[in-house]
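Scroll down for the structure; my scribbles are underneath it.
Readers should treat all values here as calculations from the given coordinates under stated rules, not as data from a laboratory. Keep in mind that this is a model prediction, so the values were computed, not measured. Glycine also receives a Cβ, built like all others from the backbone with ideal geometry; neighbour counts cover every protein chain displayed.
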Amino acid sequence: MMLHKLRKYSILPLLLYVGFISLPPIFYVIYGSFVAGGPLKPLGFTFEGYLAFTDSYVQSAIFNSFIITIVKTCIALPIAFLLAWLTTRTDVAGKGMVDTIMPAALLLPGFIAALVWILLLSPSIGLINTRVFPMIGLEGVTLNIYGLWGIIWVQSTLTVPYAYLILASALRNIDPSNEEAARISGGRTFHVLRTVTFPLIRPAFLSCLILSLVLGMEAFDIPLLIGGPARIPVMTTEIYRRSILLPPDHTSAASISLLVLTVALVLVTLQRRYMSQEYRFATISARGYRPPLLKLGKWKYIASFFVWSIIAIYVFLPLAMLLIVSLFRGYPFSTLADFTLDRFVSVWEYPMLKRSLMNTFITAVIVGIVATIVALFVVYCITRTNLKMKSLLDNLSMLPLAVPSIVLSLGFLWAYVTTPLWGTVWILVLAFLAKGLPWGVRATIGGMVQIEKGLEESSRVCGAGWFQTFIKIVCRLLPGTIIASFLLIIIITIRELALPSLLKAYGSEFVSVLLLDMWNNGYIGETCTLSSILIIIIILLTITLRKVFKTSILG
Amino acid sequence: MVKVIVENLVKKFKEVIAVDHVSFEVDDGELLTLLGPSGCGKTTTLRCIAGLEEPDKGSIYFDGSIVASEKVSLPPEKRDIGMVFQSYAVWPHMTVFDNIAYPLKLRKMSKSEIKERVSVILDIVRLSGLEGRYPSQLSGGQQQRVALARALVYNPKVLLLDEPLSNLDAKLRESMRLELKEIQKKLRVTTIYVTHDQIEAITLSDKIVILDKGKIQQIGRPKEIYEKPANRFVADFIGFSNLIEGKIVSIDEKNGLAFVETPLGKLICYNTLNLSEGTSVVVAIRPENIIFGGEGYKAKIVTSAFIGDALMYWLKVSDITLCAKAHTSLDLPSGSEVYIQLRPEYCKVVKL
């Protein structure tokens, strides 16, 4: 009797923890938008924060946010779908390579992508504008990154890789007999694509579309780096600008945050709907079986050229540029004699670099471990029990996904600025725990639902309690999933700019903020060197963990 | 030593009643089968006994002590049962030895005792020498033996088997059936077996419980059920393909006969269920019990099918289609007319 009751309430500590990290930022953003004078010296109730919406600068920020998000999605998704279809269904050249390269592209943080594209396409220093165009006889032609199109372009280069991965895996999971049956009934390639293939992956496509919109709305680093000099505000950068004014205007920042938050919440709710439909369509086919490939014939060259141009422009070009700038003295360099490895040594002397790296990696590891463990328990509760409060737990743990980072950090600022946590690295740890949890849950849930229920039940019958079963069976069957979740959270932590921008303090610097600082101080070469080092560290980490656990991660 | 009692068990899933007031007893060392089509509630009943589901009503006793009721439901790990799942549920990340040793380790046995016990049980299930293999390196039948060994190695009070043979191919299924029976008799463990296969149930069981839509249709020894199906459902389920509706018009108590008025005319049947005059009944006849030739009913052959060891004929007898099984030497063309006999001892009267 007692045991029975206890088990029902065992979900409570988990619920409390998840509520504690995901609710305060939202609550404080709402609260803060009505409090005059900011969190340090609250002066009482006000509506003035909402007057910000009458400001034409804010209005154009809202307009820009929507335009950028919608246009970059419209560009990136068709490209990603075409790529995914070509690599999963046709004999296009080097498709195995595409599957290895695309996950690597995910490792490129947005602020580094923005820097690289500025170095390529700035009218005054961009390599393409100053060197490549004159060289190929396009004297006077300038592609200017500093504009709406620049932001759209860089964001679309970051959207294509994850959209590709989602769509390619959806395409691969379709039972090939669906398409075979359509072909046998006489359907031609395009007809089958339109009437069978696409409808089957529609849930994945819609969920991908919404994810692209959400990430577009909450993008902060690219609009900050490119839109800043170009004077193109978006909502997130406007929230940031108002938060760092002297004196800061945290009230109107919170009011604008509420708009972003509402849009993101609506989108994430929609996306979760489609995600659940995706499971309905999930038809895992027999392992090792590959559907017969469509022979492209003379189209093969065009298709291969398309695939590899995309890869070259979206992945190779930025990475190569980064390496080139870090390996040559001065910028823009002139001769091969300028080659040097010096910067990889001298960059360490940059003030606070070591501390920033330490802060970043310690935070990333702590958050990676804690959020992964919490995510495991949350997913276990959601998928394996019929506890009454599990849907509440589910929704609470996914909530931070709908909170754009800049809003999350403003919420944490409002909530914790008067506590002793403020100004320490722990406030960042807390914020990243909130940020990381939904991604941990997402990374874990797929693996968990694949564990057949009987594997756990037989352990229970053998005499193991649920916790023993959880440790000895569930966790032991999920090493790949656990590592994937851990890695994903670490990468999210390292590439995040918005959270540390508002939450850092002296002593708790973060490497992403430091990079921005270097860049703004004109240390272009050093910025690229540090970026290269960061990317190399991330890649090494991924490869090592993959090797150790012999599992495919990020795939 | 171990007697299992299930009393008025009720289990609902939302609005659907999966198990509806089910009661039965399993004596010590006995093998009882829960038999029925899919969705009849047999697996749910088993899962309630295992503690994997909590009953809404009713109670379950192991040896007089209660393990589940509306108020209490002992978790599975506290019930001391062994269970084999339909999917075997052999843990893919452990070797055969580790799989079987798992319950022993949980019982804090010494290393040497674990080794001893595992080797004894491996011998019984005939897997000796495969200790170091991983499940992915085993065939379906071998995985199934591992699951059985894991369920038996700690001498559980009760052994539960959830369609353990349904994933094996036909030939292997037959030999495993015999082996399973042998092992069960040898270890004399009280066993509850779930299946939808009537032949499996009849060959293995000491007692069969037939379920349909969550309700018990009949409980009895295999021979009893085979020969005296209680109602139309049971008759149909255990292979009486010919079911002719009718009404008892008179009874010959001395010879245990019932005279049933049917569309075929008056049939003389054995009144095995002692039904009274005037009862609406179904006369059930197995295809192999329809005898060709002699004096009897005139039938027209509609179609036939060769099924290997026999020929199946579909016959039309005054607007009623009957199915008959005949020796392959009897080759009759479609459309031809024959005489068939429906003998009293083969005509079972069952309730509607």
Return the FRET efficiency for the residue pair B:ALA305, B:SER250: r is the Cβ-Cβ distance, R0 is 56 Å, and the value is rounded to the nearest 0.05. 0.90
Any idea which of A:LEU121, B:ILE208, A:GLN450 is furthest toward the positive side of the dipole for the protein assembly as shown, if Lys and Arg beta-carbons carry +1 and Asp and Glu beta-carbons -1? A:LEU121
For segment B:1-98, take the alpha-carbon Rg, divide it by the Kirkwood Rh, and send me Rg/Rh. 0.99
Please go through segment B:235-341 and write out the GluC sites (Glu not before Pro) that DSSP classes as loop and that have at most 11 other C-beta atoms within 10 Å. B:GLU253, B:GLU277
Rounded to the nearest Å, the spacing of the alpha-carbon centers of segment A:468-546 and segment A:67-130 is 21 Å
Spelling it out for B:LEU161: with amide H atoms placed in the peptide plane at 1.01 Å from N, the residues 5 or more places away or on another chain with amide H under 5 Å from its amide H are B:VAL84, B:ILE192, B:TYR193, B:VAL194
How large is the dipole of segment A:374-524 about the Cα centre if only Lys and Arg carry +1 and Asp and Glu carry -1, each at its Cβ, rounded to the nearest 20 debye? 400 debye
What Cys residues in the protein assembly as shown have no fellow cysteine's beta-carbon under 4.7 angstrom? A:CYS74, A:CYS208, A:CYS381, A:CYS462, A:CYS475, A:CYS528, B:CYS40, B:CYS48, B:CYS323
Charge tally for neighbours of B:ARG232 with beta carbon under 15 Å away, counting Lys, Arg as +1 and Asp, Glu as -1, is +4
So for segment A:67-136, averaging the separation of alpha carbon pairs under 8 Å that are six or more residues apart and normalising by length, what relative contact order in percent results? 10 percent
If each K or R counts +1 and each D or E counts -1, the residues other than B:LYS300 whose Cβ falls under 15 Å of its Cβ total 0
Measuring from the longest principal axis of the C-alpha atoms of chain B, the long axis of helix B:96-106 (C-alpha) lies at a number of degrees, nearest 10, equal to 70 degrees
On average, how much area does the Cα convex hull of segment B:254-324 cover when viewed from any direction, in nm²? 6.0 nm²
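With a cap of 12 neighbouring Cβ atoms within 10 Å, and only residues DSSP puts in a loop, list the trypsin sites (Lys or Arg not before Pro) found in segment A:363-415.
Values: sites: A:ARG384, A:LYS388, A:LYS390; in loops: A:LYS388.
Answer by residue number: A:LYS388.
Starting from the Kirkwood radius over alpha-carbon pairs of chain B, derive D by Stokes-Einstein at 25 °C in a medium of 0.890 mPa s and give it in µm² s⁻¹.
Working: Rh = 22.7 Å.
Result for D is 108 µm²/s.
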I'd like the per residue volume of the convex hull spanned by the Cα atoms of chain A, given in cubic angstrom. 177 Å³
Reachable lysines, given that their alpha-carbon falls under 24 Å from the alpha-carbon of A:LYS298 and they are not under 8 places away in the same chain: A:LYS95
Dipole axis of chain A (+1 Lys, Arg; -1 Asp, Glu on Cβ), positive-most option in A:ILE313, A:THR542, A:SER65: A:THR542
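How much length would be gained if the chain were fully extended between A:TYR301 and A:LEU40, taking 0.36 nm per residue of separation minus their Cα-Cα distance, in nm to one decimal? Before the final figure, lay out the partial values.
Details: separation 261, 0.36 × 261 = 93.96 nm, distance 6.32 nm.
The span from A:TYR301 to A:LEU40 would gain 87.6 nm if fully extended.
Pull out the extension gain between B:SER175 and B:LYS78, defined as 0.36 nm times the separation in residues minus the alpha carbon to alpha carbon distance; nm, one decimal. Working shown, then result.
Numbers: separation 97, 0.36 × 97 = 34.92 nm, distance 3.33 nm.
Going from the current span to full extension adds 31.6 nm.
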Dipole of segment A:441-555, Cα-centred, from +1 at each Lys and Arg C-beta and -1 at each Asp and Glu C-beta, to the nearest 20 debye? 460 debye
Could you work out the relative contact order of chain B, using alpha carbon pairs under 8 angstrom and six or more residues apart, expressed as a whole percent? 16 percent
Of the candidates B:VAL19, B:SER38, A:PRO24, the farthest towards the positive dipole end of the protein assembly as shown (Lys/Arg Cβ +1, Asp/Glu Cβ -1, centred on the Cα centre) is A:PRO24
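Among the listed pairs B:LYS42/B:LYS186; B:LYS42/B:LYS78; B:LYS254/B:LYS298; B:LYS57/B:LYS215, which have their C-alpha atoms separated by more than 19 angstrom in this model?
Working: B:LYS42/B:LYS186 26 Å; B:LYS42/B:LYS78 22 Å; B:LYS254/B:LYS298 30 Å; B:LYS57/B:LYS215 14 Å.
Going by Cα-Cα distance, B:LYS42/B:LYS186; B:LYS42/B:LYS78; B:LYS254/B:LYS298 fall outside the 19 Å limit.
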Note to self, chain A gives a 222 nm [θ] from helices alone (DSSP H runs n ≥ 4, -39500 (n - 2.57) apiece, / all residues, nearest 500) of -22000 deg cm²/dmol
Span-like helices, chain A: DSSP H, alpha-carbon axial extent 24 Å or more, mean Kyte-Doolittle 0.5 or greater, which ones? A:12-32, A:56-89, A:148-173, A:198-218, A:250-281, A:353-384, A:425-450, A:524-549
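Quick one: putting +1 on the C-beta of Lys and Arg, -1 on the C-beta of Asp and Glu, what dipole do you get for the protein assembly as shown around its Cα centre, in Debye to the nearest 20? Show your work: numbers first, answer last.
Details: 88 positive and 68 negative charges, 139 e Å.
My answer is approximately 660 debye.
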Tell me the net charge near B:LYS12. Cut-off is 10 Å between Cβ atoms, B:LYS12 excluded, with +1 for each Lys or Arg and -1 for each Asp or Glu. 0
